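Here the structure is laid out as structure tokens; the discussion comes afterwards.
The values are calculated or read from the model by the stated rules, or taken from the named source; none is laboratory data. Computed from a prediction, not measured in an experiment: that's the story for all the values here. Please note: Cβ atoms are built from the backbone with ideal geometry, for glycine as well, and neighbour counts cover all protein chains shown.
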């Protein structure tokens with residue numbers, strides 16, 4: 001028996017697929033991807049932000 005290794009799509013590919021399945025506009029898809037990239041660029045900074053919000 002041959003085992004096939006399935007690869008899970010990357011996050012941005014999943015977002016693009018989800019927006020297309022929901023028939024959202026291309027511009028909405030671009031905006032979602034843009035914001036995800038911005039949040040990802042923060043790296044660990046997002047954990048610091050959430051900690052401050054919870055502590056406040």
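Need at least 2 residues that are modelled with pLDDT of 95 or more and under 14 Å from the mean Cα position of the chain (by Cα) per element, so show me which helices (runs of 4 or more DSSP H) inside the chain make the cut, counting only ones lying wholly within it. Even if it seems obvious, please write down each step before you answer.
On the way: elements: 11-21, 26-42, 45-55.
Correct list: 11-21, 26-42.
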> Is there any pair linking a residue in region 27-53 that is farther than 17 Å from residue 10 by Cβ to one that is at pLDDT 95 or above, with Cβ under 8 Å and at least six apart or on different chains, and which?
Replying inline: 28/19
